[in-house]
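For reference, the structure discussed in these notes is given below.
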Amino acid sequence: MSSNTPQKAITGGEFLIRETPASEIFIPEEFSEEMLMMKKTCEDFVATEITPKLDAIDHQEEGLMQNILTKAGELGLLGISVPEEYGGMGMDFKTSMLCTEALGAGHSFSVAYGAQTGIGTLPTLYYGSEFLKQKYVTKLATGEFKGCYCLTEPGSGSDANSGKTKATLSDDGKHYIVNGQKMWITNGGFADVFTVFARIDDDANLSAFVLDKTMDGITLNPEEKKMGIKGSSTRQVFFNNVKVPVENMLSERNNGFKIAVNILNIGRIKLGGGVLGGSKDTVNEGIRYANERQQFGRPISKYGAIRNKIAEMCIGVYALESALYRATQNIDDAIHSLQEGGMEKGEAVLKGIASFAPECAILKVFGSEVLDFVVDEAVQIHGGMGYSAETRVERAYRDSRINRIFEGTNEINRLLTVDMILKKAMKGELDLMSPAMKVAGELMSIPEFGDAPSNVFEECHKYLINFKKAILMVAGSAVQKLMMQLEKEQEVLMNVADMMIQTYVAESLLLRVEKLAAMKGEDAASVQKEMLRVFFFEAAESISHNGKEALLSFAEGDELRMMLMGLRRFTKTEPFNVKESKRTVAAAAISANKYCW
């Protein structure tokens, strides 16, 4: 992991074996004026069109959600990443992510928006013929059409490729006859365009088709009654001998599962953006209430127990934001590089995002769990009022829970994170073996202590190198010991995934604060440095716990004792006053009366 290695563009999963200079990453403090103007447009839209209507949206007032989506389309918000020739604004991935974040405070609307602009539009944009793009994408981008995505079935959720919906070619060869059932279809109640996955005959994989509501044989069940996101339309959709023109197939026969996987990669990282916006909004609600609520003669924000909650909420959100936009810029860079190499824009987007599929899964998991933590703590800060439907945090608490299930459950995404990185190694795309063997050799040697770090950045870089060693040690030993049985040891894989997630986010946070200090001076990053110290302290604890649990699952004897000693060495941190660091973070947010970074 030498920093003297010639630096080429980083690839997905490579963070495990490569040191990244802070100067190489993008941080949110670098957003351009144009990007921030787009974000402000989205924030204003939420403030005027959504927040005052939250109750009506949750009661699914007839035509309201469609009307709001239409207004969003008129402002260009449904076509931010759609090329101009198809009615969109043609902006880069980073700008679309920033808008997703800003609209993430829109509760059920953010779900409808995500379905419209993501899974409802992108399959046709990236895999459709020119005919299909002109017919459907041009109207989806402007809001004239509303879209949905029909993949999940009663018997196929995580195992999406096992769907039973059938497509049979008609005798005259002009249509596919589609029969089947789909469930949990967001925007299903008012969609004009349905992206439907079905199996042709006995094909090994699904194929994908674009249907529209004018086709006979499409029927809907009543709206689902849900725990949260009550304002989003969620229906079962039935297809009874629906005649679909053969030209409405996306890509090629048998390519549907590949389409689904690639679109889900986009959905996962975009979900990270949406939950970031929701998290910031909920933190603001919690801070404002803590400053207003008086107990024992003073605001509850004066009390250490509340300050601790506010600090932990803010640190989680800041860390998520750091990782999200680091990965987003990496994806943008990969897209641009592929385009410069002659690849068509749509294919470049898909391949660029797919190359960072492990990071997409990491951000989906970490982001959804940050939001769940934030909404839970916000309810607790509100006390009894937090349990009342009169408050925003009660709605946020219920709405949050779906995000750990959307876009593949967090358990599936944890397993995928490890699986995708190991597959990259097996294909020769990542050299995990050499650094893993080096770490194994290091366990047998006397540790090199070196000079004490002179500042928090040097200290955290030292910790980071050791976190990566811990992962390589545990994962390398698991692969060697369990071999083909490893995929059945899901508990071990999830332990390793959590080690990877904490390390990726910790590195992203470190590089952001380091770059911020270089750009604006140490004083401008003083509070963020306290966030950094706290996050690394807690990440070390998490990595230690997960590493130990994994090792105890498959190692024994002297080998186990040696690796446990190595794990203690790799997760050791220097003592500092965690309480005071958290108080510093909380004080800044309380003084600003909001999340202020």
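Here is how the numbers come out for the structure above:
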read-out	value
Pairwise label distance in nanometres, K427 with E556, each label 7 Å out on the Cα-Cβ vector	3.7
Summed residue charge, Cβ within 14 Å of G383's Cβ, Lys/Arg positive, Asp/Glu negative	-4
Among (1) 211; (2) 180; (3) 158, the entry that matches volume of the Cα convex hull per residue in Å³ as calculated here	(3)
Computed [θ] at 222 nm, deg cm²/dmol, the chain (DSSP H ≥ 4; -39,500 (n - 2.57); rounded to nearest 500)	-18000 deg cm²/dmol
Cβ-derived FRET efficiency at R0 60 Å, S445 paired with M227, nearest 0.05	0.65
Full-extension gain in nm, M37 to K462, via 0.36 nm per residue minus C-alpha separation	149.1 nm
Neighbourhood net charge (11 Å Cβ-Cβ; Lys/Arg +1, Asp/Glu -1) for E429	+1
Separation between Cα centres of the stretch 400-457 and the stretch 74-124, rounded to whole Å	32
Label-reachable residues, the stretch 484-502, where backbone N falls under 20 Å from a point 7 Å from E411's Cα toward its Cβ	485-501
Extension gain from E84 to V261, taking 0.36 nm per residue of separation minus the Cα-Cα distance	61.1 nm
The stretch 147-254 - percent relative contact order, Cα under 8 Å, separation 6 or more	32
0 to 90° range, to nearest 10: angle between helix 557-570 axis and the chain longest Cα axis	90
Given charges at Cβ of Lys, Arg, Asp, Glu: the chain dipole, positive-most of A47, I68, L560	L560
Gain on full stretching of the segment that runs from K71 to K488 - 0.36 nm per residue minus C-alpha separation	145.3 nm
In nm, spacing of pseudo-spin labels at N240 and E61 (7 Å Cα→C-beta vector)	3.4
Bins of 10 Å from zero: percent of alpha-carbon pairs in the stretch 155-277	12, 41, 35, 11, 1, 0
Cα centroid separation, the stretch 178-229 to the stretch 489-529 (Å)	40
Given K71/K258; K309/K488; K520/K548; K424/K481; K139/K164, the pairs whose alpha carbons are separated by over 28 Å	K71/K258; K309/K488; K520/K548; K139/K164
Residue-count net charge about K213 - beta-carbon cut-off 15 Å; Lys, Arg +1, Asp, Glu -1	+2
Burial ordering of S454, S96, fewest other beta-carbon atoms within 10 Å first	S454, S96
Estimated distance in nm for a label pair at Y303 and D159, the labels positioned 7 Å out from Cα along Cα-to-Cβ	5.0
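Values in this text are rule-based calculations from the coordinates and carry no lab data. Predicted model only: the values in this text are computed from it and were never measured. When we count neighbours, we look across all protein chains shown, and the Cβ atoms used for this are built from the backbone with ideal geometry, even at glycine.
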